[in-house]
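The values are calculated or read from the model by the stated rules, or taken from the named source; none is laboratory data. Note that the structure is predicted; figures quoted are calculated from it, not measured. Counting neighbours? That spans all protein chains shown, and the Cβs are built from the backbone with ideal geometry, glycine included.
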Amino acid sequence: MDMAMPMEIGLLSSYGFTAIFCIAIVLLYTTLTKHREKNLPPEAAGGRPLIGHLSLLSGPELPHAVLSDMADKYGAVFTIRLGAKRGLIISSWEAAKECLTTNDVVFGNRPKTSAIQHMSYNFAMFGFSGYGAYWRELRKISVLNLLSNHKVAQLGNDLLEHELKSMMRSLNSEGKAEMKKYFGDLTLNLMARIVAGDVGSDKEVVEGDKWRKAIKEFFRMMDVLTMADVLPFLKWFENTKEFERTGGELDGVLQAWLDEHKKRNRLEESGSFMGEMIGSAEKVARAFEGYDADTINKATCQVLMLGGTYTISATLTWTLCLLLNNRDVLTKALEELDTHVGRARRVQSSDLSNLVYIRAIIKETLRLYPPAPILPPRESVANCTVAGYHIPAGTRLMINAWKLHRDPRIWSDPLKFEPERFLTDHKEIDFKGGVNFELVPFGGGRRVCPGISFSLQVVELTIASLLQGFDIETLSDECVDMRGSFGSTNMKATPLEVVLKPRLPTTLYG
Ligand code: HEM
């Protein structure tokens, strides 16, 4: 008995100790969790049950404007609810820097929506694929084969100048034009030619305007969130037919291009990105499980075309709008062109390094009208800290470039279109190296846009050619309407009609 008592007491105390230990752990965990919950960024008011703040982002005001107003109320770091997901809204360069440097890998994934899954060959397009070896390899191949400075320089000499020549000829013969359409056609033709070479402009292979329509449709569908995206338990009821149809249509065009390339490749080198990708895609397919070589090739070509078309044409459109609304800036740009190029020959890519004012105009346009006012979202794979707040894994990161680019702490008179700022007090601010987070039209960190040099080359040369070639006026004396539209790319909502009078000898438009 004597012997048993201690045993029992011993047993009791051991159970008791375990119980107390467990309770302590639970209490500690709860306290810590509570503490962490308390340390979350402020959540914006106005969220509805289940859907959260989604209804506030669907109009009539554009989402970047709604989120900018919210930032005035809740600060540079706050959250909203996108159904079951938490969205982290960033509106200061300091917090953006933290997300895109210290936490860049944590925020290395893009959200997996149903639309993207069905239209991106199940995330084979590297712009949508998860952060990892497959993404890294395809990004490297794309930069080497298409987007390196060397390739961009080559491009300037032939394809771009070819496309510009035909645009100038057509504008000269028309004398009046809707420039949004011209810029849209220019970038689509250019991207198709770069990606698919002659095949991309071969009417028989391309089947008329089918691929243009398919790309347009892709962009329209890309932003669609299904109820199952925001409330995963509804996955069983999801209807994905429209996504599959759009993905299928674009695939039909890309497959026709690829078949033609394979046929021609047996006879000659095609010189296009798709042609060069045939060998690389086979290597990638052998190294990574999941996608066959043709899928990898088509997906990579598509993501580059999609990445480059609307963004560049939006930038061109906004630049021209801002110039038409700021005639003093336009006059200075013309003076720069007359001084450095003259009117006896057409401006070329080799002139661009001398056209510093035009470069500043483009920068200022990208500050005020970034084509992606809310940077393409990322999603965190682990817990992290931003601005001292606890950010749980699975949070969707949305950097509001629109708001950040208008921060009065950084930009004096922030709403004013003033290219001079990039030649004086903000001379050092650049968006190329991931050093300055005050200006992020191309994003930042490891997933920064790989098409920066390419885009600047195209935008600068197109604007320089247009200004050198024509005196441009609006149809009426009214200011150009600067309203933007819904969608991941902020396009001008209304047409941009202008009248053009030639400034150069007739022979230069031939
Ligand atoms: C003015 C023109 C352009 C703008 C403003 C722009 C903007 C952006 C932005 C904001 C991102 C997201 C970066 C991030 O998540 O941090 C991005 C990604 C991307 N862009 Fe661009 N872009 C432009 C032109 C181009 C061009 C010409 C191409 C290709 C030819 C391109 C291909 C891509 C791709 C593939 C990605 C995904 C990168 C990744 O996830 O690793 N973009 N772009």
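Flag set for residue 126, criterion: at pLDDT 90 or above, surrounded by 17 or more Cβ atoms within 10 Å (Cβ to Cβ) and not in a helix (DSSP H, G or I). Considering the range 332-348 alone, what residues qualify as being among the polar types (S, T, N, Q) and touching an Asp or Glu at 6+ places or on another chain (Cβ under 8 Å)? Answer for the range 332-348, where residues must be among the polar types (S, T, N, Q) and touching an Asp or Glu at 6+ places or on another chain (Cβ under 8 Å): just 348.
For the range 1-103, the helices (runs of 4 or more DSSP H) that sit wholly inside it and include 1 or more residues that are among the hydroxyl-bearing types (Ser, Thr, Tyr) and either modelled with pLDDT of 85 or more or loosely packed, with under 11 Cβ neighbours inside 10 Å (or both) are 4-38, 63-74. Does residue 361 meet the test of being touching a Pro at 6+ places or on another chain (Cβ under 9 Å), surrounded by 21 or more Cβ atoms within 10 Å (Cβ to Cβ), on the phi < 0 side of the Ramachandran plot and of a type outside the set (Ser, Thr, Tyr)? It is true that residue 361 is touching a Pro at 6+ places or on another chain (Cβ under 9 Å), surrounded by 21 or more Cβ atoms within 10 Å (Cβ to Cβ), on the phi < 0 side of the Ramachandran plot and of a type outside the set (Ser, Thr, Tyr).
So that you can scan it fast, the table gives a plain yes or no per residue for (1) farther than 24 Å from residue 459 by Cα; (2) without any contact (Cβ under 8 Å) to a residue 60 or more places away in the chain:
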position	(1), (2)
93	yes, no
99	yes, no
111	yes, no
126	yes, no
152	no, no
166	no, yes
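Would you be able to say whether some residue in the range 384-396 is crowded, with 21+ Cβ neighbours inside 10 Å, in contact with a Phe, Trp or Tyr (Cβ under 8 Å, 6 or more places away or on another chain) and under 27 Å from residue 485 (Cα atoms)? Within the range 384-396, none of the residues are crowded, with 21+ Cβ neighbours inside 10 Å, in contact with a Phe, Trp or Tyr (Cβ under 8 Å, 6 or more places away or on another chain) and under 27 Å from residue 485 (Cα atoms). Picking from residues in the range 438-471 that are under 20 Å from the mean Cα position of the chain (by Cα) and hydroxyl-bearing (Ser, Thr, Tyr), the one that is surrounded by the fewest Cβ atoms within 10 Å (Cβ to Cβ) is 453. Filtered by the rule that a residue be surrounded by fewer than 21 Cβ atoms within 10 Å (Cβ to Cβ) and in a helix (DSSP H, G or I), the range 285-302 gives 285, 286, 287, 293, 294, 295. From the list 507, 474, the lone residue that is without any contact (Cβ under 8 Å) to a residue 60 or more places away in the chain, more than 23 Å from the chain's Cα centre (by Cα) and under 29 Å from residue 340 (Cα atoms) is 507.
Condition check ((1) hydroxyl-bearing (Ser, Thr, Tyr); (2) more than 10 Å from the ligand (Cβ to nearest atom); (3) not assigned by TED's automatic domain parsing to the domain that holds residue 128) across all residues:
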position	(1), (2), (3)
280	yes, yes, no
287	no, yes, no
291	yes, yes, no
304	no, no, no
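Residues in the range 257-276 include at least one that is free of Cβ contacts under 8 Å to residues at least 60 places away in the same chain and surrounded by 19 or more Cβ atoms within 10 Å (Cβ to Cβ).
So that you can scan it fast, the table gives a plain yes or no per residue for (1) over 24 Å from residue 375 (Cβ atoms); (2) basic (Lys, Arg); (3) near the ligand (Cβ under 10 Å from one of its atoms); (4) touching a Pro at 6+ places or on another chain (Cβ under 7 Å):
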residue	(1), (2), (3), (4)
434	no, no, yes, no
444	no, no, yes, no
456	no, no, yes, no
460	no, no, no, no
475	yes, no, no, no
484	no, no, no, no
496	yes, no, no, no
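Please state which one of 423, 355 is away from the ligand (no atom under 16 Å from the Cβ), within 19 Å of residue 322 (Cβ to Cβ) and surrounded by fewer than 18 Cβ atoms within 10 Å (Cβ to Cβ). So the residue among 423, 355 that is away from the ligand (no atom under 16 Å from the Cβ), within 19 Å of residue 322 (Cβ to Cβ) and surrounded by fewer than 18 Cβ atoms within 10 Å (Cβ to Cβ) is 423.
The condition (being without any contact (Cβ under 8 Å) to a residue 60 or more places away in the chain and in contact with a helix residue (DSSP H, G or I) (Cβ under 9 Å, 6 or more places away or on another chain)) is satisfied by just one residue among 355, 397, 368: 368.
When residue 501 is tested against (1) away from the ligand (no atom under 16 Å from the Cβ); (2) in a loop (DSSP other than H, G, I, E, B); (3) not aromatic (Phe, Trp, Tyr), only condition (2) is not met. The single residue among 287, 281 that is over 25 Å from residue 152 (Cα atoms) and aliphatic (A, V, I, L, M) turns out to be 287. In the range 472-510, the residue that is farthest from residue 328 (Cα to Cα) out of those that are in contact with a Ser or Thr (Cβ under 7 Å, 6 or more places away or on another chain) and surrounded by 17 or more Cβ atoms within 10 Å (Cβ to Cβ) is 489. I'm checking my understanding of the structure. Among residues of the range 104-123 that are part of a loop (DSSP other than H, G, I, E, B) and closer than 25 Å to residue 194 by Cα, which one is farthest from the ligand (Cβ to nearest atom)? Among them, the one singled out is 122. Scanning the range 473-498 for residues that are under 16 Å from residue 366 (Cα atoms) and not in a loop (DSSP other than H, G, I, E, B) yields 484, 492.
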